[in-house]
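A short write-up of the structure that comes next.
The values are calculated or read from the model by the stated rules, or taken from the named source; none is laboratory data. All values reported here derive from a predicted model rather than from experimental measurement. Here the Cβ positions follow ideal geometry from the backbone for every residue, glycine too, while neighbour counts run over all protein chains shown. Ligands, DNA and RNA are excluded from the accessible area calculation, which covers all protein heavy atoms including side chains. Shrake-Rupley method; radii C 1.70, N 1.55, O 1.52, S 1.80 Å.
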Amino acid sequence: MAGYVIIDVEVTDPELHAQFRDQVDIAMSAYSGKHVVRGGQPEVLEGSWNPSSVVIMEFASAERAREFINSPEFTGLQEMRSRCTSNRNVVVVAGV
């Protein structure tokens, strides 16, 4: 069953964030992940959630998604991520 990482983030430094995204792509490839959604303008149709930018990554399983999130490749990018984003929400969920 596929696993997904869902991220809602506010980008505060678009130039640095572009570099961060490139590094995430490299890190994600080691875990066979792929982007399903990457940015774009979210449209809230119901509820009070007001996302800034949504990213959805797909992995072979929720366990594999957690391995990526906790990996040295991804955690090594946290300082860069902190400099180019704020208001981050990150969840891992199993698919159907």
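For the stretch 7-96, build the charge dipole from Cβ charges (+1 Lys, Arg; -1 Asp, Glu) around the Cα centre, then report which of Asn70, Pro42, Leu16 sits farthest towards its positive end.
Asn70
Determine the sum of side-chain charges near Ala30: Lys and Arg each +1, Asp and Glu each -1, restricted to other residues whose C-beta is under 12 angstrom from that of Ala30. Numbers along the way, then the final one.
Working: positive: Arg64; negative: Asp25, Glu67, Glu73.
In short, -2.
Between Asp22 and Ser48, take the C-beta separation as r, use R0 = 30 Å, and let me know the FRET efficiency to the nearest 0.05. Intermediate values should be presented prior to the final figure.
On the way: r = 33 Å, r/R0 = 1.11.
Computed FRET efficiency for Asp22 and Ser48 comes out at 0.35.
Put a dot 7 Å past each Cα toward the Cβ at Asn89 and Thr12; how far apart are the dots in nm?
My value for the distance between the label points is 1.9 nm.
Enumerate the amide H contacts of Val36 below 5 Å, restricted to partners 5 or more residues apart or on another chain; note that Pro and chain-start residues carry no placed amide H.
Hits under the 5 Å cutoff: Ile56, Met57, Glu58.
Name the long-range amide H neighbours of Thr12: under 5 Å, sequence gap of 5 or more, or other chain; modelled H, no Pro or chain starts.
Thr85, Ser86
Could you check the simple spin-label distance between Ser82 and Arg38, using points 7 Å along Cα→Cβ, in nm with one decimal?
Using points 7 Å along Cα→Cβ, the separation is 2.5 nm.
Send over a whole-number figure in Å² for the accessible area per residue of the chain, probe 1.4 Å.
For the chain, the per-residue accessible area is 61 Å².
Return a whole-number percent for the relative contact order of the chain, with Cα pairs under 8 Å and 6 or more residues apart as the contact set. Could you put the intermediate results ahead of the total?
Details: 171 pairs, mean separation 50.9, N = 96.
Result for the chain is 53 percent.
log₁₀ I(q)/I(0) of the chain at q = 0.15, 0.17 Å⁻¹, via Debye over equal Cα point scatterers, no solvent, to two decimals?
-0.58, -0.74
In whole percent, how big is the carbon plus sulfur part of the accessible area of the chain, probe 1.4 Å, protein atoms only?
Numbers: 2960 of 5900 Å².
Roughly 50 percent of what the probe reaches on the chain is carbon or sulfur.
Using helices alone, I'd like the mean residue ellipticity at 222 nm for the chain: each DSSP H run of four-plus residues gives -39500 (n - 2.57), total over residue count, nearest 500.
On the way: 4 runs with 35 residues, N = 96.
That comes out to -10000 deg cm²/dmol.
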